[in-house]
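Have a look at the structure below before the remarks.
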Amino acid sequence: MEKDTVATFIGQWQTERPDLAEELWPVEVLARIQRMTRIIDKQLKAFMAGHGLEVGEFDVLASLRRSGPPYALTAGALVPAAMVTSGAITNRIDRLEAKGLVERVRDDVDRRSVRIRLTEPGRALCESVMEGHLKHYAELLAPLDRATSSAVAEALQTLLLAHGDTAADPAPTSS
């Protein structure tokens, strides 16, 4: 089997610090997750740019679309899912509003509350991009069969849950 970069790093450490050989096992998983995350981020950024979006903007659109009719959430509901500050969400909303993809609307019940609502052009763009996004993700996982993909997904879910990433998020991210 061909060696990846992580295997090379591990081999170098084993040569330089044989006393650490038995302690390097976490690197086999976590360094590969880090490297794969960088690959995914780079490709996703290029894919979204092809649609005139930034990744964070698509996350907002997808969160709104997934929320169901009327496709509206408060900015605060978008923050936990995006794992960014409220200021970053505001910036994303501002950019999407300038593009005509979302609009701010006062809540009918509580006029102090503002909801971010997907516009029809925003919904259409989200629908279009989502189809390509899923194909793109499938291409990234093409070297794995479905059973292996499921096993990896289950293992990663176990890790995420163990570190507090639970379904308590009101509007999970698109990815």
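Can we say Ala153 is closer than 21 Å to Ser63 by Cβ, part of a helix (DSSP H, G or I) and small (Gly, Ala, Ser)? Yes.
Here Thr15 fulfils each of the conditions (1) surrounded by fewer than 10 Cβ atoms within 10 Å (Cβ to Cβ); (2) within 28 Å of Asn91 (Cβ to Cβ) apart from (2).
Return yes or no: is Thr148 at pLDDT 95 or above, β-branched (Val, Ile, Thr) and either outside any loop (DSSP other than H, G, I, E, B) or surrounded by 14 or more Cβ atoms within 10 Å (Cβ to Cβ) (or both)? So Thr148 fits the description; yes. Collect the residues in the range 99-136 that are without any contact (Cβ under 8 Å) to a residue 12 or more places away in the chain and either under 23 Å from Val55 (Cβ atoms) or not assigned by the TED database to the domain that holds Ala72 (or both), keeping them in residue-number order. Residues satisfying the conditions are Glu120, Ala124, Glu131, Leu134, Lys135.
Within the range 1-12, how many residues are surrounded by 11 or more Cβ atoms within 10 Å (Cβ to Cβ) and without any contact (Cβ under 8 Å) to a residue 24 or more places away in the chain?
Summing the residues that are surrounded by 11 or more Cβ atoms within 10 Å (Cβ to Cβ) and without any contact (Cβ under 8 Å) to a residue 24 or more places away in the chain in the range 1-12 gives 4.
The values are calculated or read from the model by the stated rules, or taken from the named source; none is laboratory data. In this text the structure is predicted, and so the values were computed from the model without any measurement. Note that we place each Cβ from the backbone using ideal geometry, even for glycine, and neighbour counts take in every protein chain shown.
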